[in-house]
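Below: the structure, in structure tokens.
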Amino acid sequence: MSLTARVAPPRYLLGQALHAAVQALRAEWTKFRTVAGPSWLLAGAVALTVAVGAAAASAVRCQSAKCGIDPAMVSFTGIDPGQAVVAVAGVLAMGNEYSTGMIKLSLTAMPRRLTWLVAKAAVLTAPVLAASALAVAGAALAGRLILPGHGFTPAHGYASLTSATDVRAAAGAVLYLTLIALLSLGLAAAVRDSAAAIGLVLGVLYLFPIAAAVVSNPALDRHLDQIGPLPAGQDAQATIGVHSLLLTPWQGLGVVALWTAGALLLGALALKFRDA
Amino acid sequence: MTTETVTPHGSPLTPERDSFWYLVHAEWTKFRTVRGWVIAVLVTIAAITAFVFVASDVSSSCVGPGGPSACPAQPTGPGGVPVVDTFYFAHQPVTGNGTITAAVTSLTGQVEVGLAGNGAPQMAPGLEPWSKAGIIIKENTSQGSAYAAMMVTGSNGVRMQWDYVNDTPGPGKGAGEAGGVSASAPRWLRLVRDGGTITGYDSADGTHWALVGTTTLPGLTSTVQAGLFAAGSYYDSRFCTYDSNFCTRATGVFRHIGLSWPATGWTGTNVGGPNFGVPVPGTLRQSAGTITVASFGDISPAAGNAYGGNGQSLQRALAGTFFGLIPLIVVAAMFITAEYRRGLIRVSLTAAPRRGRLLAAKATVIGAVGFVAGLVAATLALAVGKPLLLRAGPLAWPVSLLTEARMVVGTGALLAVAAVLALAIGTIVRRSALAVTIVIVVIVLPYLLAFGPLSGSQPQGSGPGGGGGWPLQITPAAALSVQQAVPQFHQLLAVYPLSNGYYPLAPWAGLAVECAWAAAALALAFLLLRRRDA
């Protein structure tokens with residue numbers, strides 16, 4: 001083994017690694033698209049995000065010019081439940097390998113475990129990105145159709161809903177959902193059990209804002225809203241009062257990305273150093 | 001091939017092994033021998049208890065003109081209840097027993113409807129439902145002292161109220177007489193003091209009296225102040241620019257005042273002080289046989305957003321419930337989904353062919369585990385949390401032992417029913433990740449949504465019925481109301497917001513909503529379990 005490694009030209013090694021990566025991507029993509037579950041889950045995430053967003057837009061009223069309600073945050077209310085479904089998709093992408101015992105076969109076929117993990121993450125990213133874009137576009141469209149009838153008019157200071165800020169908020173929402181799917185994948189790889197992983201992911205997502213709501217110490221409250229992925233991600237989706245937010249939109253997304261990177265790192269370490 | 005009857009080999013099903021409790025015992029063995037599940041339940045208890053230390057960190061949060069400042073002291077009444085006690089009191093001292101009678105010939109008022117150009121409140125004629133004027137016997141003129149009063153209200157008829165939290169309607173409070181007193185149709189009120197007992201009477205003509213209520217004010221001093229009062233009432237309207245105490249001004253006109261003691265002349269006092277943010281202090285006008293009293297303010301419990309102190313609700317000690325719910329939900333769902341994943345369900349159903357009983361046994365075990373975990377966690381959380389919260393000052397509302405017991409047992413029930421719901425959903429969908437997600441989304445997420453636009457976050461009106469809207473009324477999260485430690489009062493039209501610990505449903509009603517979800521899910525799980533192949 002070591003002999004081959006020494007005599008082989010470096011270019012060949014690189015090519016081999018690249019070849020393995022392409023193989024892994026193709027294999028994982030075949031796995032992903034030939035199972036019905038993920039498609040249903042992503043379709044469900046889109047439907048839930050749009051439906052709840054439309055319901056929130058129908059429920060809200062802006063009575064005066066100073067109502068201070070962020071139309072983007074209203075339209076994107078559906079992301080609160082929608083991200084749970086996206087998280088399930090992320091958790092199952094890895095969790096199903098363990099629950100079905102498929103993991104042994106996968107790792108036999110693809111001994112480069114980290115390459116395999118990267119391929120899995122990449123294969124998850126593409127459809128989740130597409131579904132998130134669909135969900136966010138649908139929610140934004142619903143908001144755009146419903147909100148002007150509920151007091152979100154130019155007279156109350158809501159000009160158009162397609163300014164650069166709105167596009168940035170929508171992009172922030174799409175990236176947020178994608179990062180959540182990858183966070184879920186990483187945690188599932190780390191704990192290797194779907195139920196425990198989804199509990200962990202939803203705990204990380206929902207418990208920070210709930211804790212912030214019940215904590216009365218202002219400093220602690222601020223920190224909880226800064227480090228929690230859900231409130232940080234919401235800072236990336238805001239369109240009004242952006243300057244008074246705790247984090248700038250890209251900082252907010254950065255916090256979520258840190259969580260995702262941490263989870264993927266944990267998953268990679270567990271995968272590399274533990275028996276499957 | 002010949003067919004022959006084969007007697008299956010195996011031990012016969014003894015009556016003992018056929019019993020339901022045998023099945024429960026088997027399921028309990030399954031549960032307790034999985035180390036991860038036992039650890040998760042311990043995490044549930046630890047999370048609820050440990051969060052107390054975070055939730056009870058209550059540094060002062062009031063902001064004055066020059067930055068953070070001490071919160072204004074919240075006046076308290078008998079029994080330590082926080083009170084609103086700001087009104088105009090025309091009084092004279094009376095020692096020993098006595099009777100005061102008066103006819104209210106007019107109750108009018110002004111309500112704030114907006115802001116004038118110079119920023120001053122713009123007032124228009126009008127009354128709020130609990131604007132009030134009447135007669136009162138009060139221990140002294142300081143805020144929070146014991147009292148009993150008979151009054152005419154804006155649209156709630158004649159009432160007898162005492163010691164801030166008590167309210168009794170007078171007989172025949174028809175819509176016609178609601179606030180609609182006039183010189184030709186006055187309302188006669190009478191208060192009789194006999195030792196510590198005060199009795200209120202009401203009459204349409206000053207001759208035929210009807211008993212409204214009687215009460216004992218413990219430790220009432222011999223000399224008290226008796227007289228006339230008016231209060232606009234605490235009313236939270238969106239027009240209110242000052243403190244909600246001062247949105248409405250009520251004016252009462254009194255005639256035929258009868259005192260059983262030698263009259264000494266009226267002294268006027270703005271209870272709560274003349275400069276307590278009041279736009280115009282209360283006034284007293286006397287003319288031949290007529291006394292007119294006008295004032296903002298209210299005499300009422302300080303619940304909801306009328307509470308101005310920095311005391312905390314005891315419910316805060318149980319804020320970690322969500323943290324405990326998540327591991328419990330995971331375990332409860334896995335209690336059945338793990339059987340499907342490992343194929344153990346086929347063994348279980350072979351051993352217990354009556355599928356409904358298997359489900360019932362599992363529900364019994366997981367429900368009991370959830371109940372005990374909740375009971376232990378809530379007991380620990382209150383034991384640790386109460387002293388921690390008391391460090392910051394008195395609680396926002398004194399909590400009786402009975403309420404504490406309801407909070408503890410209710411938390412146990414909340415967790416038990418959540419566990420059964422997770423088990424049922426797990427049986428229905430047979431996949432752990434999906435089951436866990438569904439249950440967390442219906443139990444934990446609604447609390448988050450309740451702060452958002454879905455619940456109609458703008459307080460549209462005011463009055464009892466706490467905040468949170470439908471997310472906390474129709475989802476299993478409604479059960480959180482069993483932890484509510486602060487009361488609501490029909491006679492106080494404040495806003496009762498979720499952030500102050502008010503839920504939209506009554507404690508047991510909220511728990512019943514969660515039970516209904518669990519029962520429906522269990523019924524569906526039972527049907528599917530019987531119908532489907534395992």
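The values are calculated or read from the model by the stated rules, or taken from the named source; none is laboratory data. Small disclaimer: the values here were computed from a predicted structure and weren't measured. Glycine also receives a Cβ, built like all others from the backbone with ideal geometry; neighbour counts cover every protein chain displayed.
A few comments on the model shown:
- Among the residues listed as A:Ala212, A:Ala189, the single one being in contact with a helix residue (DSSP H, G or I) (Cβ under 6 Å, 6 or more places away or on another chain), among the aliphatic types (A, V, I, L, M) and over 24 Å from A:Ala20 (Cβ atoms): A:Ala212
- Yes/no for A:Arg168 being touching a residue at least 60 places away in the same chain (Cβ under 8 Å), among the charged types (D, E, K, R) and within 14 Å of another protein chain (Cβ to nearest Cβ): no
- Flag not set for A:Ser58, criterion: among the polar types (S, T, N, Q), farther than 24 Å from A:Trp29 by Cβ and in a loop (DSSP other than H, G, I, E, B).
- A:Ile69 satisfies every condition listed in (1) touching a Phe, Trp or Tyr at 6+ places or on another chain (Cβ under 6 Å); (2) surrounded by fewer than 24 Cβ atoms within 10 Å (Cβ to Cβ) except (1).
- Of everything in the stretch A:36-47 that is in contact (Cβ under 8 Å) with a residue 60 or more places away in the chain and within 13 Å of another protein chain (Cβ to nearest Cβ), the residue that is nearest to the chain's Cα centre (by Cα) is A:Ala45.
- Unmet criterion (only one of (1) surrounded by fewer than 20 Cβ atoms within 10 Å (Cβ to Cβ); (2) within 14 Å of chain A (Cβ to nearest Cβ); (3) closer than 23 Å to B:Pro476 by Cα) for B:Ala381: (1)
- Matching option when the condition is among the small types (Gly, Ala, Ser) and surrounded by fewer than 22 Cβ atoms within 10 Å (Cβ to Cβ), among B:Gly320, B:Gly289: B:Gly289
- Evaluation of A:Trp250 against (1) within 25 Å of A:Leu134 (Cα to Cα); (2) within 14 Å of chain B (Cβ to nearest Cβ); (3) surrounded by fewer than 22 Cβ atoms within 10 Å (Cβ to Cβ) (one fails), failing number: (2)
- All positions within the stretch A:48-82 that are of a type in the set (S, T, N, Q) and at the interface with another protein chain (Cβ under 10 Å from one of its Cβ atoms): A:Ser58, A:Gln63, A:Ser64, A:Ser75, A:Thr77
- Test: residue in the stretch A:223-245 that is over 21 Å from the mean Cα position of the chain (by Cα) and either over 21 Å from A:Asp70 (Cα atoms) or surrounded by 21 or more Cβ atoms within 10 Å (Cβ to Cβ) (or both): yes
- Among the residues listed as A:Leu92, A:Leu107, the single one being modelled with pLDDT under 90 and part of a helix (DSSP H, G or I): A:Leu107
- Some residue of the stretch B:293-303 being at pLDDT below 85 and closer than 30 Å to A:Pro209 by Cα: no
- In the stretch B:319-371, the residue that is farthest from the other protein chains (Cβ to nearest Cβ) out of those that are out of contact with any helix residue (DSSP H, G or I) (no Cβ under 8 Å at 6 or more places or on another chain) and not basic (Lys, Arg) is B:Pro353.
- Where helices (runs of 4 or more DSSP H) sit wholly within the stretch A:174-244, those with at least 3 residues that are without any contact (Cβ under 8 Å) to a residue 24 or more places away in the chain and more than 9 Å from every other protein chain (Cβ to nearest Cβ) occupy A:218-227.
- Hits in the stretch B:498-512 - residues which are more than 14 Å from chain A (Cβ to nearest Cβ) and surrounded by 20 or more Cβ atoms within 10 Å (Cβ to Cβ): B:Pro504, B:Leu505, B:Gly510, B:Leu511
- Any hit, the stretch B:302-319, residues being in a strand (DSSP E or B) and either touching a Gly at 6+ places or on another chain (Cβ under 9 Å) or more than 27 Å from B:Pro125 (Cβ to Cβ) (or both): no
- Yes/no for A:Ile210 being within 23 Å of B:Thr437 (Cβ to Cβ), under 17 Å from the mean Cα position of the chain (by Cα) and surrounded by 18 or more Cβ atoms within 10 Å (Cβ to Cβ): no
- Within the stretch B:176-216, the set of residues being closer than 14 Å to B:Val94 by Cβ and assigned to a loop (DSSP other than H, G, I, E, B) comprises B:Gly195 only.
- Residues satisfying the stated conditions in the stretch B:90-132, i.e. among the hydrophobic types (A, V, I, L, M, F, W, C) and in a strand (DSSP E or B): B:Ala90, B:Val94, B:Ile100, B:Ala102, B:Ala103, B:Val104, B:Leu107, B:Val111, B:Val113, B:Leu115, B:Met123, B:Ala124
- Within the stretch B:425-437, considering residues that are within 9 Å of chain A (Cβ to nearest Cβ) and of a type in the set (A, V, I, L, M), the one nearest to the chain's Cα centre (by Cα): B:Val436
- Residue match in the stretch B:512-526 (condition: over 20 Å from the mean Cα position of the chain (by Cα), farther than 21 Å from A:Val214 by Cα, among the small types (Gly, Ala, Ser) and at pLDDT below 85): no
- In the set (1) under 30 Å from B:Leu498 (Cα atoms); (2) crowded, with 21+ Cβ neighbours inside 10 Å, A:Tyr158 fails one condition alone, (2).
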